[in-house]
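To start, the structure under review is shown below, and the notes come after it.
The values are calculated or read from the model by the stated rules, or taken from the named source; none is laboratory data. The shown structure was predicted, so the numbers you read here are calculated from the model rather than taken from an experiment. Heads up, the Cβs are rebuilt from the backbone with ideal geometry, glycines too, and the neighbour counts pull from every protein chain shown.
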Amino acid sequence: MGVFCHYINKEYIFSAREVVKDIKGAFRSMLTTATWMGSAREEALRKVDNMLMLVGYPDLLKNETSLEEYHSSLPKMNEQTHFENMMALSRWHSLRSLARLRKPVVRDGWARGPVETNAFYSTLQNSIIIPVAVLQPPIFRREPLTALNYGALGVVIGHEITHGFDNSGRERDHEGNLHEWWTAETDAEYASRSRCFADQYEAFDVSQILSPYERDGAEVKSPGLLRGDALVSVRLGECAAESSGRGWKFLGVCVSPVGVGGSSWVCESPVGVAWKFVDV
Ligand SMILES: [Zn+2]
């Protein structure tokens, strides 16, 4: 077993799975009541039902043999040659990626590591990854602060679920395959409804979102950073995920046994919005 596993509080993972389940349930119930989805609703429901929720760490870490096998081809490290070490590791990673080319997608594979303090949606796998490293304050806390968990972790989960339906995620079906499952009518509705996210984020001014250190007397180097259709359309998925994620957290807490409102810490401020523009 990986040493890593000895330092993990498994109750955290169990509690986080509950939050994930409730936020996913809130998203699903929204889909059932959305009036504009038409016949696309069926595949949308299938997609959310089939979305894998990978929380904590991969099973690989619990299995000594698999762990040894995974690292068997790892290049030898030399403490005197850092650059060469990094080049060798990079080559190892690239070869592992290339070996997966044209092979069936492993849907429950972890595209990112469990020690990253972030969360991810994988379009190819139609899966969400909530690494164990993110299950710590201010995103996740011990009981009895469950409502805070729904607020902070909830917004992260809602964000990632929304990526499955953002402007690029929606091009793929419930198994992650490129597949046109939208009708002409719902496609037009989607384009028109998603415009509000672009409008909202275009309205932010760079001078409002720089840190106080940068704002006071510093020259604003990119006054057009948040303006312009080209940039906003590139970031439309992030804008939609960020705004929607906050909605699902409130709905999630309503369907949870906690039954009280949550509190969010992330991206409620213009600074948070700015962060989202520099980090996908
Ligand atoms: Zn995102």
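Close Cβ contacts (under 6 Å, 6 or more residues apart or on different chains) running from residues in segment 168-179 that are closer than 14 Å to TYR190 by Cβ to residues that are assigned to a helix (DSSP H, G or I) comprise SER168/GLY237; GLY169/HIS163.
Only one entry in VAL19, VAL55 is in contact (Cβ under 8 Å) with a residue 12 or more places away in the chain and more than 19 Å from TRP110 (Cβ to Cβ), namely VAL19. Note on segment 1-48: residues that are among the small types (Gly, Ala, Ser), touching a strand residue (DSSP E or B) at 6+ places or on another chain (Cβ under 8 Å) and over 17 Å from PRO131 (Cβ atoms) amount to 0. Scanning segment 132-153 for residues that are farther than 21 Å from HIS6 by Cα and part of a helix (DSSP H, G or I) returns THR146, ALA147, LEU148, ASN149, TYR150, GLY151, ALA152, LEU153. When residues in segment 57-74 are screened for being surrounded by 11 or more Cβ atoms within 10 Å (Cβ to Cβ) and more than 22 Å from GLU116 (Cβ to Cβ), 1 of them pass.
The condition (being buried (at least 17 other Cβ atoms within 10 Å of the Cβ), assigned by TED's automatic domain parsing to the domain that holds TYR121 and at pLDDT 95 or above) is satisfied by just one residue among MET51, MET37: MET51.
The number of residues in segment 128-166 that are away from the ligand (no atom under 14 Å from the Cβ), hydroxyl-bearing (Ser, Thr, Tyr) and closer than 30 Å to ARG41 by Cβ comes to 1.
Regarding segment 156-164, can at least one residue be identified that is in the same structural domain as ALA241 (by TED's automatic domain parsing) and more than 10 Å from the chain's Cα centre (by Cα)? Steps first, please.
Just the residues of segment 156-164 that are in the same structural domain as ALA241 (by TED's automatic domain parsing), to begin with: 156-164.
Next, only the ones that are more than 10 Å from the chain's Cα centre (by Cα) stay: none.
The answer is no, given that none of the residues of segment 156-164 is in the same structural domain as ALA241 (by TED's automatic domain parsing) and more than 10 Å from the chain's Cα centre (by Cα).
The helices (runs of 4 or more DSSP H) found wholly in segment 1-82 and carrying at least 3 residues that are among the basic types (Lys, Arg) occupy 10-33, 41-49. Of everything in segment 75-103, what is among the basic types (Lys, Arg), exposed (fewer than 10 other Cβ atoms within 10 Å of the Cβ) and either modelled with pLDDT of 95 or more or under 28 Å from HIS6 (Cβ atoms) (or both)? Give them in sequence order. Matches in segment 75-103: LYS76 only.
When ILE129 is tested against (1) outside any loop (DSSP other than H, G, I, E, B); (2) at pLDDT below 95; (3) within 25 Å of the chain's Cα centre (by Cα), only condition (2) is not met.
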